[in-house]
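Okay, structure first, notes after.
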Amino acid sequence: MKFEDLLLETGGFGRFQILILVILCLPRINLPMHFLLHNFLAATPSHHCAIPHQEAFVNLTMEEVLLISIPREPDGTFKSCEMFSQPQFHLLLNSSLPSENKSIIQRCQHGWVYDHSQLTSTISTQWDLVCEQRGLNQATATFFFIGVTMGAVVFGYLSDRFGRKTMLLLSLVCSVVFGMLSAASISYSMLAITRTLTGVALSGVSLIVLPLAMEWVDIQHRTFTGILTSIFWSVGNMLLALAAYLVREWHWLLVAVTGPCLLSIVCLWWVPESARWLIAKGKVKQAHRHLLRCARMNRKKDFAVSPEALTRMATDKKPAGSYFYISLFRTPVLRKISLCTGVVWFGVSFSYYGMSMNLTGFGLNIYLSQFVFGVIEIPAKVIMYVLVNRVGRRQSQAWTLILTGLCIGANVVIPKSFTSLRSVVAIMGKGFSEAAFTTVYLYTSELYPTILRQNGMGYTSFVARLGGALAPLVFLLDEVWRSLPEVTYCSVAVCSGTVAFLLPETLNKCLPEGIEDIE
């Protein structure tokens, strides 16, 4: 008897599964509020050099003070990182005169003045992470994703060793602790450390929620489960825009996005441990107790599977906890799956966060851009619900990634003056990018056997977070060539999409329980 047959004995997809999905969607909402928080936490408002002795220019307007103190860009805007060493009063007579003498231009000497009309306080404005310190500002997101990368290794192994629910609870508790410590940061170093640790903690939530839900549903509802949990990610995306709009001070914004983890901790009480994992681990009595509860809630009174029958369901003599990440590469088919999924996950994450963290130039303010990017993900997920069941997981994964890359590449060649066209292409690219992310979570959880599923998810998440960590740093390449970041995102997405064609199809197939099911 396979576990899918056992689920049918308990009523298939019923009230028990719906309850689990509703509760597990709560932490799923919270994830993007931290993963994309960099858009607001480290947002850099327009700024210019602070002008010393400004009180000496009482007869001049602010515009005239800037005119004689700050050099201009070719497009007429004031430069952000340079100032005149001496006031250039002659520019009051003719502001179009160029500054021929470069020796009178210097870097900012007295700090910066920021436009607080949209953002009251960010880490950029608090610690002047602009100009020469711009790299530190982008590195904040990298530190967070380095934490997520480390957490993927830790929680992937521990959840296969000690159980899904236990590690999910630990992950949520640590997320609250480190999230609040981040909000209380008094220096950039403290923020970098606490955000890294927050990333480690939240990695467990990201890793465990979907497999725990997936291991309680039957074949017919696996796609529905994957798409539903993914839709709640988009809901969190939109709620982040609302939270950031209402809370403009970065300390309190961190508190606002961390607080909902407390609700998830309370609700987790009603979520059982994975019966699949318990059986693979040999804990058949606990599995039997959860299955009885499932049958009762689903109003299936004739459930009569004994613990002894569950013992016979064990598909491998080795307990689940005796496997480690090296097991993903020991056998030929599993090795190929692991290498290919690693490449695909890197490409999905790299391109997704590359697009999601580029809210400027969209023609809207950053709050509306964030909200729109969240909204357009939902139809992409609904379309994927149909596609993955009709054309299969492999084709859907490959083409959504390739089309993401082509949309990014198209905006490299479309002239800047075609703002409407560029916006439409960007929206399409974001939709394809989210469709690729939605598919990869579902696809990967079906590729690995139960005894290695969390190790597999941990490994792929590790590779994906490397992509997430590198994505914000790629924006710094615009100093080499303005379009180099977009060309990089495009190339990685297309190449990783091509690799997805090498993976096996999992549509309408039972979840593998042991390694022999894969081989």
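Some observations on this one:
- P307 passes every criterion in (1) more than 24 Å from V209 (Cβ to Cβ); (2) touching a His at 6+ places or on another chain (Cβ under 7 Å); (3) at pLDDT 85 or above apart from (3).
- Residue selected from segment 153-164 under the condition open to solvent by less than 60 Å² (accessible area, probe 1.4 Å) and charged (D, E, K, R), by the criterion farthest from S206 (Cα to Cα): D160
- Near pairs, Cβ below 7 angstrom, 6+ apart or cross-chain, from segment 43-54 (closer than 12 Å to Q118 by Cβ) to any residue that is surrounded by fewer than 19 Cβ atoms within 10 Å (Cβ to Cβ): P45/D115; P45/H116; P45/Q118; S46/D115
- Subset of segment 396-416 (residues that are open to solvent by 20 Å² or more (accessible area, probe 1.4 Å), touching a residue at least 12 places away in the same chain (Cβ under 8 Å) and farther than 14 Å from Y489 by Cα): W399
- From the list I105, I146, the one residue that fits, being in contact with a helix residue (DSSP H, G or I) (Cβ under 9 Å, 6 or more places away or on another chain) and either open to solvent by 20 Å² or more (accessible area, probe 1.4 Å) or in contact (Cβ under 8 Å) with a residue 24 or more places away in the chain (or both), is I146.
- In segment 9-114, counting only helices (runs of 4 or more DSSP H) that sit wholly within it, the ones holding 1 or more residues that are within 32 Å of the chain's Cα centre (by Cα) span 15-35, 38-41.
- Condition check for G354: part of a helix (DSSP H, G or I) and in contact with a Pro (Cβ under 8 Å, 6 or more places away or on another chain): yes
- Residue check for A493: in contact (Cβ under 8 Å) with a residue 12 or more places away in the chain, closer than 15 Å to G354 by Cα and touching a Leu at 6+ places or on another chain (Cβ under 9 Å): yes
- Top-ranked residue in segment 417-438 [being among the β-branched types (V, I, T) and either modelled with pLDDT of 90 or more or open to solvent by 10 Å² or more (accessible area, probe 1.4 Å) (or both); ranked as farthest from E4 (Cα to Cα)]: T419
- Subset of segment 34-92 (residues that are aromatic (F, W, Y) and either open to solvent by 20 Å² or more (accessible area, probe 1.4 Å) or over 20 Å from Q138 (Cα atoms) (or both)): F57, F78, F84, F89
- Of the helices (runs of 4 or more DSSP H) lying entirely inside segment 410-519, those carrying at least 2 residues that are of a type in the set (F, W, Y) are 419-447, 453-474.
- Of all residues making up segment 166-213, the number that are under 26 Å from E9 (Cα atoms) and surrounded by fewer than 22 Cβ atoms within 10 Å (Cβ to Cβ): 1
- Within segment 123-136, the residues that satisfy the criterion of being polar (S, T, N, Q) and open to solvent by 10 Å² or more (accessible area, probe 1.4 Å) are T125, Q126, Q133.
- Residue list for segment 439-461, filter: open to solvent by 10 Å² or more (accessible area, probe 1.4 Å) and either within 11 Å of G156 (Cβ to Cβ) or among the β-branched types (V, I, T) (or both): Y459
- If only residues of segment 470-488 that are within 17 Å of the chain's Cα centre (by Cα) and open to solvent by less than 10 Å² (accessible area, probe 1.4 Å) are counted, the one that is farthest from F324 (Cα to Cα) is P472.
The values are calculated or read from the model by the stated rules, or taken from the named source; none is laboratory data. Because the structure is a prediction, the values reported are computed rather than measured. Backbone-built Cβ (ideal geometry, glycine too); neighbour counts: all protein chains shown. Just so you know, the surface numbers come from the protein's heavy atoms only, side chains and all, with ligands and any DNA or RNA stripped out. Shrake-Rupley method; radii C 1.70, N 1.55, O 1.52, S 1.80 Å.
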